[in-house]
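Everything on this sheet refers to the single structure shown next.
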Amino acid sequence: MPAAAVPVRAAAAPAPADGLALTPPMGFNNWNSTHCRAEFNEDMVKGIADLFVEKGLKDAGYQYVNLDDCWALPSRDANGKLVPDPARFPNGIKAVADYIHAKGLKLGIYTSAGTKTCNSAGFPGALGHEYSDAQQFADWGVDYLKYDNCNNQGVDAKQRYTTMRDALKATGRPIVYSICEWGQNKPWEWATDIGQLWRTTGDISDNWGSMLSILKQNLPLAPYAGPGHWNDPDMLEVGNGGMTDTEYRSHFSMWSVMAAPLLIGSDLRKASQATFDILDNKEVIAVDQDPLGKQGTVVSSEAGRWVVAKEMSDGSRAVALFNESSSAQRIATTARAVGLPEADAYTLRDLWQHRSYNTASTISATVPAHGTVLVRVSADRRWAANPPAVELGLDSGPYVEAGTPATLTTTVTDLGRTPARRVSVSLGGPEGWTVTPASPTVKDALPTGSSLRTDWTVTAPPGTPTGSYDLTLRADYRSPTGQEVAGSLPLTAHVVVPPPSGTSYLGDLPWLSATSGWGPVERNTSNGESAAGDGNPITLGGVVYARGLGVHAQSDVAYYTGKACETVTADVGVDDEKGANGTVAFEVWADDTLVASTGVLTNAMPPQPLTANVTGAEVVRLVVTDGGDGIDSDHADWADARIGC
């Protein structure tokens, strides 16, 4: 084999002198699952440590068990010392640390770089008490400090965080220092020699829109990450219940590709096996923990089809094919595009399927809505030992009117350098549905780049309610060496009704899908708060609108239009309920084409009229982005939103 086909090992960045956090910290923090509720206590913390050992999470690399806000009493003692809450921690913090250390784990703690912590009860912050508090933490056996940003009295951020750094060093105990400054003063530009990690965003919430917004803010900061200094897009929400398992796999995959700290935010005592399966995926964890310490960079991101590649210490590339959109998408790149050397073929390892394939060069997949395919690709002289990678896809569909036959077209494509042999394909639908092939479902061989294309007649029973239904596409084939291989692709069929003729208010029509960065999409009211139906009358610039959609960035509302509609109109802006806060941008998409956008709008701006030509589109999407500064207060209105068909 030519020398170019052999992985080239990249030079590792010089290790920090203190040797701390040479790879992104992994562990647990209670905040996302408990906040300050009474269940946050000594028993919970010890129980998490027990589960780290029992469930194999310690062996997977998780080591920090971190306490967040509310562990202390509201007042210091007569000597100015912090006092653990005796109701929560009757044996004190040192006893907890001793218990955790005995299991080969480490303890983390929380305070704020202000006079009070962030909780409304106002627990003591460390501003003005840095050296005393740092020594207390060291005496207790603390190994990790999360240092928040509330009640900071306007003192310069770099000054506040540097003071605590010096205080921690003065104790002589190695303590990982997490700067939780929310990215307000761009800590990635100044904190490399202050802390081992720094928050790049505001707090994460357990929903798709929040995770997506934070992901997009953190991705451009790759040049600042490396051993001993990490971008921190906040803790994991995996298992807290606000997202699907598909979305949680995306969350975990993208945090790992970004070399982000992996701090579990769910109560593992209540976690499902699916949650443990995500958190314990050692092949994905290995991407996060790679000693080279590179954060993944964006290769492409057209129309929400993201390719993010991470250089690995063995010369391979971890590649995330991430689908931001609410429908399945084909996402593709090449070995060359992700930085691999020229080679006859490559080994492609699917890190969720735990299977290896060969590819001639193409790295592609049909990725489910909000899903991620995560692979590790290398120029490997042993590529021929692996079966060819085969991509399953949906070429047309999947919109079905109840009682009426519809045609779906699937494809099976050989991406490998070797041919796939004895290829067969099947499509399974929900109980009661009729799915029959209308063209061949078998092929003797698929050479590189060729496809088996199959038409299917799919009929949903009369009376089937509108909504989304699961289909499964399966392909079976053999490699040239006789290996039997099977692959499957989950698909979604949407039972739809044609849009009504004339002009309709979008708030009155059924949607295909709807996501919102906080709370649900509201019909004919503002976004309000987190619950359904808690919005106010839609109000823009003092004008009240009786109809429309209330959303929170990031949001995406999709409608089936069946190529029968021409125009979408609305008045758009940030709802008055957020005062002077909030920045958003509105977009209208006709299938995969952006047909109208506003640019960034603020609350101070009057409502903007928006008109979009959607002629010929099968699906129309109303999208609100965060204006580039996070999703805080981004209550957005599609006032008087109408569609003409």
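The values are calculated or read from the model by the stated rules, or taken from the named source; none is laboratory data. Nothing here was measured: the structure is a model prediction, and the numbers come from that model. When we count neighbours, we look across all protein chains shown, and the Cβ atoms used for this are built from the backbone with ideal geometry, even at glycine.
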Discussion item. Just to be sure I understand, how many residues within segment 17-35 are surrounded by 24 or more Cβ atoms within 10 Å (Cβ to Cβ) and either closer than 12 Å to Tyr144 by Cβ or in contact with a Lys or Arg (Cβ under 7 Å, 6 or more places away or on another chain) (or both)?
Written reply: 4
Response to the item:
Here the residues within segment 576-593 that are under 27 Å from the mean Cα position of the chain (by Cα) and part of a loop (DSSP other than H, G, I, E, B) are Asn581, Gly582, Asp591, Asp592
Practice prompt. Residues that are without any contact (Cβ under 8 Å) to a residue 60 or more places away in the chain: find the strands (runs of 3 or more DSSP E) completely inside segment 261-329 holding 1 or more of those.
Written response: 297-300, 305-311, 317-323
Worksheet item: So which residues in segment 39-72 are of a type in the set (Val, Ile, Thr) and either crowded, with 21+ Cβ neighbours inside 10 Å or outside the structural domain of Val284 (by TED's automatic domain parsing) (or both)?
Response: Val45, Ile48, Val65
Discussion item. Looking at the structure I just gave you, is Asp575 of a type in the set (Asp, Glu) and buried (at least 19 other Cβ atoms within 10 Å of the Cβ)?
Written reply: yes
Worksheet item: Can you name the residue in segment 251-273 that is more than 20 Å from Lys216 (Cα to Cα) and polar (S, T, N, Q) and, of all such residues, is surrounded by the most Cβ atoms within 10 Å (Cβ to Cβ)?
Response: Ser266
Practice prompt. Among the candidates Ile194, Ile179, single out the residue that is at pLDDT 95 or above, over 22 Å from Ile100 (Cβ atoms) and crowded, with 24+ Cβ neighbours inside 10 Å.
Written response: Ile179
Worksheet item: From the list Asp556, Asp576, Asp571, which residue is of a type in the set (Asp, Glu) and at pLDDT 95 or above?
Response: Asp571
Practice prompt. Please specify each residue of segment 392-419 satisfying the condition of being in contact (Cβ under 8 Å) with a residue 60 or more places away in the chain and touching a Lys or Arg at 6+ places or on another chain (Cβ under 9 Å).
Written response: Leu392, Gly393, Leu394, Thr410, Val412
Worksheet item: Within the set of pairs 6 or more residues apart or between chains, which connect a residue that is basic (Lys, Arg) inside segment 52-80 to a residue that is assigned to a loop (DSSP other than H, G, I, E, B) with Cβ atoms less than 9 Å apart?
Response: Lys55/Ala271; Lys55/Asp280; Lys58/Lys103; Lys58/Gly104; Lys58/Leu105; Arg76/Leu82; Arg76/Val83; Arg76/His129
Worksheet item: Is at least one residue of segment 311-325 small (Gly, Ala, Ser), farther than 25 Å from Pro223 by Cα and either in contact with a Pro (Cβ under 7 Å, 6 or more places away or on another chain) or modelled with pLDDT of 95 or more (or both)?
Response: no
Worksheet item: For segment 483-571, which strands (runs of 3 or more DSSP E) that fit wholly inside it have 3 or more residues that are of a type outside the set (Phe, Trp, Tyr)?
Response: 484-495, 513-515, 538-540, 548-552, 555-560
Worksheet item: Any idea which of Tyr224, Tyr248 is in the same structural domain as Asp148 (by TED's automatic domain parsing), of a type outside the set (A, V, I, L, M, F, W, C) and buried (at least 23 other Cβ atoms within 10 Å of the Cβ)?
Response: Tyr248
Worksheet item: Just for segment 467-476: of the residues that are surrounded by 13 or more Cβ atoms within 10 Å (Cβ to Cβ) and not hydroxyl-bearing (Ser, Thr, Tyr), which one is farthest from the chain's Cα centre (by Cα)?
Response: Asp476
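Counting residues that are over 30 Å from Pro233 (Cα atoms) and of a type in the set (Lys, Arg), which strands (runs of 3 or more DSSP E) fully inside segment 594-645 reach at least 1?
Numbers: elements: 608-613, 619-625, 635-644.
The qualifying strands (runs of 3 or more DSSP E) are 635-644.
Which of the following residues is among the small types (Gly, Ala, Ser) and within 32 Å of the chain's Cα centre (by Cα): Ser530, Ser424, Ser479?
Exactly one of Ser530, Ser424, Ser479 is among the small types (Gly, Ala, Ser) and within 32 Å of the chain's Cα centre (by Cα), namely Ser530.
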Worksheet, complete the sentence: Condition set under 16 Å from Asp634 (Cα atoms) and touching a Phe, Trp or Tyr at 6+ places or on another chain (Cβ under 8 Å), scope segment 204-221, selection surrounded by the fewest Cβ atoms within 10 Å (Cβ to Cβ): answer is Ser205
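Before we move on, is Ala486 free of Cβ contacts under 8 Å to residues at least 40 places away in the same chain and in contact with a strand residue (DSSP E or B) (Cβ under 8 Å, 6 or more places away or on another chain)? Let's see the steps before the verdict.
Details: free of Cβ contacts under 8 Å to residues at least 40 places away in the same chain: yes; in contact with a strand residue (DSSP E or B) (Cβ under 8 Å, 6 or more places away or on another chain): yes.
Taking the combined requirement at face value, the residue satisfies it.
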Discussion item. Filter segment 478-493 down to the residues that are at pLDDT below 95 and either among the basic types (Lys, Arg) or closer than 30 Å to Arg547 by Cα (or both) and list them by number.
Written reply: Ala493
Worksheet item: Does Ala343 satisfy being more than 30 Å from Asn30 (Cβ to Cβ), in a helix (DSSP H, G or I) and not assigned by TED's automatic domain parsing to the domain that holds Ser253?
Response: no
Practice prompt. Take segment 420-433 and flag every residue that is touching a residue at least 24 places away in the same chain (Cβ under 8 Å) and loosely packed, with under 12 Cβ neighbours inside 10 Å.
Written response: Gly432
Worksheet item: From the residues in segment 494-524 that are among the hydroxyl-bearing types (Ser, Thr, Tyr) and at pLDDT below 95, which one is surrounded by the fewest Cβ atoms within 10 Å (Cβ to Cβ)?
Response: Ser513
